[in-house]
1. Note down the accessible area of B:Tyr307, probe 1.4 Å, to the nearest 10 Å².
2. Running Debye on the protein assembly as shown with equal point scatterers at the Cα sites and no solvent, what base-10 log of I(q)/I(0) appears at q = 0.05, 0.06, 0.07 Å⁻¹?
3. Probe 1.4 Å, all protein chains in place: accessible area of A:Cys216 in Å², nearest 10?
4. Within segment A:204-252, report the trypsin sites (Lys or Arg not before Pro) that DSSP leaves as loop and that have at most 14 other Cβ atoms within 10 Å.
5. Mind checking which helices in chain B clear 18 Å along their axis (Cα) and have mean Kyte-Doolittle hydropathy of 1.0 or more, DSSP H runs only?
6. Quote the relative contact order of segment A:205-315 in percent (integer), defining contacts as alpha-carbon pairs under 8 Å separated by 6+ residues.
7. Which chymotrypsin sites (Phe, Trp or Tyr not before Pro) from segment B:102-192 combine a DSSP loop assignment with at most 15 other Cβ atoms within 10 Å?
8. Given a 1.4 Å probe and heavy atoms of the protein chains only, how would you sort B:Ser280, B:Ser51, largest accessible area at the top?
Amino acid sequence: MTEIESRIREEAKKVLENGLVDLVIGWAAGSVPFRTTPVFIDNAQDVDKLVWNPVCANNLAVYLPKMAKNRKVAIVAKPCDIRSIVALIQENQVKRENLYIIGLGCAGVVDPSKLESAAIRLSDIKALEWEGEGIRIVTVDGEQVLRSTEVHREMCLACTKREPALYDVKFGEAVLPSQIKPRELPELPEERQKYWSEQFSKCIRCYACRQICPNCYCEVCFADRVEPKWTAKKAVPEENWMFHATRAMHLAGRCIQCGECERVCPVGIRIAELMREMAEAVKNKYDYEAGDPKEEAPLLGTFRENDIDPAQHSE
Amino acid sequence: MADKILPKDKTEGFIQALGRKFVVVAPVERKDAPAEFKEIGAGDKVILDGSQMMMPPKDYLLPRYETLLKVSTRPGEVEVQPVLPDEKPRVMLGMWLPDAQAIQVLDKVFLEGKFRDPYYAARRANTMLVAVMPAQMRWSWFCASTDDVEKWKPNVDAIMYDLGDRFYIEVTSPRGEALVEWEGLAEPSSEDVAGKDRLWEQFKSHGVLPFSDGKFYEQLAWDHPIWAEIAQKCIGCGVCSYMCPSCSCFDIQDEVCGTCVERYRCRDTCQFEDFTLMGSGHNPRPDQLPRSRQRLMHKFKYQHEQYGVVGCTGCGRCVELCPVNVDIREVLNKVCAEKEPEPAV
Ligand code: SF4
Ligand code: SF4
Ligand code: SF4
Ligand code: SF4
Ligand code: SF4
């Protein structure tokens, strides 16, 4: 157990015991050492289940709109998860006063599929630990340290906001990446069209990307509506385009770049890459960043005098 | 039966030879995604060694999207045309053995009993199944906990064991003989036989859960507290069922396009909020708890009661891919043993 882990547990115990919250949402050890799993603790005796390590991937903010509706909840959160929380507060999906945020400085999260590419047998892994910018992997035959570029999730390789932006208590220090991974999208529009066609054609419409996304909280998603039927349920390229393009537009100025959608996609669609593209467009055109506590209101719910007039602006 | 050796450098010739007699369906490599079963064509890179995650073979037999019928309307005239797939002799290669066994489960659902599904039947008729036994067992497999895997062998026509530079082709059904007629195949040595036996023994003992007597169906209780525990974290997506080789649920939709109507079927899952949601607004499984319970009870209890087969064959896809690490092995451990599970890796 690391020092930060024990401080998270102490904090969770404290807020449960003194009645500040009814529930703590955090990560627990997973069924295998290279995964963790969301855990919901309402009894101070159970706080030792909480863990903090480089496979704490899940953005737990996804549970807040339902779980923190009528009760006080403490949430253990990475900086990206906290940006989700900020966005949820701004969009009135959760009340700040219902939350106790245990924020963490972050050093990036591991993508287990990359471990396999680095010729590490997943079943040999015993533990993963942060080691500076890299990751120490303890296996049955010893240990090795891999560079972040070899093992981190794509979204983490592009993330510089590794300090929590909003919290009640904060543990741990951020480790900033020495290099930022550039976007890999083709430049020419026709090539992009081809790239995304190929990506979207793989979609099986399992909706894991939507279900895991803290900002996709709509009670009935457009994709499930029958009247009007915005998109058919069949997983064919043209309907998949409709689903993905619409979802991207719904998240423009709202997606906070946690990369969860891409992590959970069973067919490896580079959704987070698309979302990163959207977020950059929003930043360039409106100087707005979703999930930043300095922003007072959601982008699409505000008008500023210097906003670009779409009629005057086509690109 | 006549077992054979296929040297890996002759794989292409072998597939071409099969192609002269059968439509060959195999996992084809894709960019950033698990290989997908399709009728192979020029330029396709086929992955036969079972070493990687692949889409379930059901995607071929029960496509994610399939037109069932078309209706065309003209003034005073309505014409209904079923769109049936061809019945061609096919051979499906490269699937994991649990995936092949999962096809037995699909057969029960779509071919036996009161309703025979003509669409599934057309693809399934004359389709031979060739399973692969990879050189390394997958960490998430727990096949031998779900059933007596010896019983699975005759359900496929052949098994290809990956012995490094060669495949050992074990013919497991009489009609499977037709698969090994190609002259490029060699006779197995006693060493090859030993290699095959070794892999089979590994498969039989791999991923056996601590309590494994395979009788989950007697122990799964309707009111077990575990359902609430899973439901709390489950996000209600389609990953576990859409990727599962034996999940068979589908939706049927009608779509109007000008003067014609298309009736198609596509995937559906008990994990979705709108699954079996009725027109009246009533939903028999109104929240995630009954949905989470349904997935496991259906596989381990109801299907066993109904068909005498276990609906889960331990392929591990849901174990690997669940976004919130709902690990079916852990759930079974908890329910059946009522003790903290050992790490099941
Ligand atoms: S769209 Fe993807 S990256 Fe953006 S907030 Fe949702 S899950 Fe995170
Ligand atoms: S895709 Fe759009 S409609 Fe669907 S849940 Fe996300 S924001 Fe809501
Ligand atoms: S998770 Fe992937 S496959 Fe599933 S709906 Fe989203 S993009 Fe499609
Ligand atoms: S339930 Fe999971 S392990 Fe069992 S067959 Fe389906 S995907 Fe495989
Ligand atoms: S894959 Fe996991 S989160 Fe998705 S429905 Fe299945 S159990 Fe729930």
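The values are calculated or read from the model by the stated rules, or taken from the named source; none is laboratory data. Fair warning: this is a prediction, and the values are worked out from it, not measured in the lab. Positions of Cβ are backbone-derived with ideal geometry, glycine not excepted, and every protein chain shown enters the neighbour counts. Surface accessibility is based on the protein's heavy atoms, side chains included, excluding ligands, DNA and RNA. Shrake-Rupley method; radii C 1.70, N 1.55, O 1.52, S 1.80 Å.
1. Taking all protein chains as shown, B:Tyr307 has close to 60 Å².
2. Values returned for q = 0.05, 0.06, 0.07 Å⁻¹ are -0.25, -0.36, -0.49.
3. 40 Å²
4. Details: sites: A:Arg205, A:Arg210, A:Arg225, A:Lys229, A:Lys233, A:Lys234, A:Arg247; in loops: A:Arg205, A:Arg225, A:Lys229, A:Lys233, A:Lys234.
Loop-located and lightly packed - A:Arg225, A:Lys229.
5. On the way: long enough: B:97-111 (21 Å, 0.75); B:190-205 (23 Å, -1.26).
Going by DSSP H runs, there are no hits.
6. Answer for segment A:205-315 is 23 percent.
7. Values: sites: B:Phe110, B:Phe115, B:Tyr119, B:Tyr120, B:Trp139, B:Trp141, B:Phe142, B:Trp152, B:Tyr161, B:Phe167, B:Tyr168, B:Trp182; in loops: B:Phe115, B:Trp139, B:Trp141, B:Phe142, B:Trp182.
The qualifying sites are B:Phe115.
8. On the way: B:Ser280 100, B:Ser51 65 Å².
Ranking B:Ser280, B:Ser51 by accessible area, largest first, yields B:Ser280, B:Ser51.
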